[in-house]
Amino acid sequence: MRTEDVVLRDGLRVTGVDRTLADLLLSCPRDEALVAVDSALTHRTITVGDRRIRRAPLTHLDRVTAALGERSRGAVRALRWLALADPASGSPAETVARLRMYDAGLRPETQARVVTAAGRVLRLDFLFRARGVAVEIEGYAYHGRREDHRRDVTRFNDLQQSAEVRTVLRFTAEEVFHSPETMIATIRRALE
């Protein structure tokens with residue numbers, strides 16, 4: 001292992017982010033590796049004590065690509081998987097939902113912006129713009145407080161009044177992980 005691949009964290013020698021992601025792409029199942037890659041590539045809101053902080057991405061796609069380029073065994077497959085990464089992914093469930101849609105031949109816009117009747121700009125997890133079909137992935141933690149739930153209901157109602165959206169499909173993280181075939185079938189029906 002190269003010296004530059006190792007960093008010191010809390011007194012422990014560990015591999016750095018780029019090397020770790022390259023290792024995951026080379027050794028883990030695709031979905032697990034891409035959940036980690038997407039998470040590292042995106043801005044995230046994290047909780048530190050009682051404060052919510054927006055952190056910068058931990059790395060960039062070109063650095064992970066470079067870390068893979070130095071390896072030969074499995075690098076072609078890993079680079080093919082890396083091409084599926086999406087720095088805009090909002091959660092592990094969104095990453096897996098996107099991969100399930102990709103595997104089913106469905107290609108939605110990710111983190112698509114639409115304008116409501118009131119002129120409010122909303123960002124959707126996925127949008128099949130030509131058909132007006134929005135897909136939202138609902139995680140449990142995101143809606144943990146009363147205010148979060150109220151805001152989400154208001155957002156959903158606003159979304160229903162957008163000229164760009166004909167249908168809004170909502171799936172739980174549990175559905176994404178445990179019954180993706182049902183999610184895909186529902187999306188296909190909405191796209192007909």
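The values are calculated or read from the model by the stated rules, or taken from the named source; none is laboratory data. Bear in mind that the values here come from a model prediction, so they are computed numbers and not experimental data. Because the Cβ atoms are built from the backbone with ideal geometry, glycine has one as well, and the counts that use them run over all protein chains shown.
The table below lists the values:
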{"quantity": "Selection status of Thr20, in contact with a helix residue (DSSP H, G or I) (Cβ under 6 Å, 6 or more places away or on another chain) and of a type in the set (Ser, Thr, Tyr)", "calculated": "no"}
{"quantity": "Tally of residues being out of contact with any strand residue (DSSP E or B) (no Cβ under 9 Å at 6 or more places or on another chain) and either of a type in the set (Lys, Arg) or closer than 14 Å to Ser162 by Cα (or both) across segment 131-142", "calculated": "0"}
{"quantity": "Residue match in segment 143-160 (condition: modelled with pLDDT under 95, of a type in the set (Gly, Ala, Ser) and part of a loop (DSSP other than H, G, I, E, B))", "calculated": "yes"}
{"quantity": "Selection status of Glu164, surrounded by 13 or more Cβ atoms within 10 Å (Cβ to Cβ) and under 26 Å from Pro57 (Cβ atoms)", "calculated": "no"}
{"quantity": "Per-region count, segment 97-128, residues surrounded by 14 or more Cβ atoms within 10 Å (Cβ to Cβ), out of contact with any strand residue (DSSP E or B) (no Cβ under 9 Å at 6 or more places or on another chain) and in a helix (DSSP H, G or I)", "calculated": "2"}
{"quantity": "Cβ pairs under 6 Å, 6+ apart, first in segment 49-69 and exposed (fewer than 12 other Cβ atoms within 10 Å of the Cβ), second in a loop (DSSP other than H, G, I, E, B)", "calculated": "Arg54/His43"}
{"quantity": "Pair list, Cβ < 9 Å and 6+ apart or interchain, from segment 160-188 residues that are touching a residue at least 24 places away in the same chain (Cβ under 8 Å) to residues that are in a helix (DSSP H, G or I) and of a type in the set (Phe, Trp, Tyr)", "calculated": "Val168/Phe156; Arg170/Phe156"}
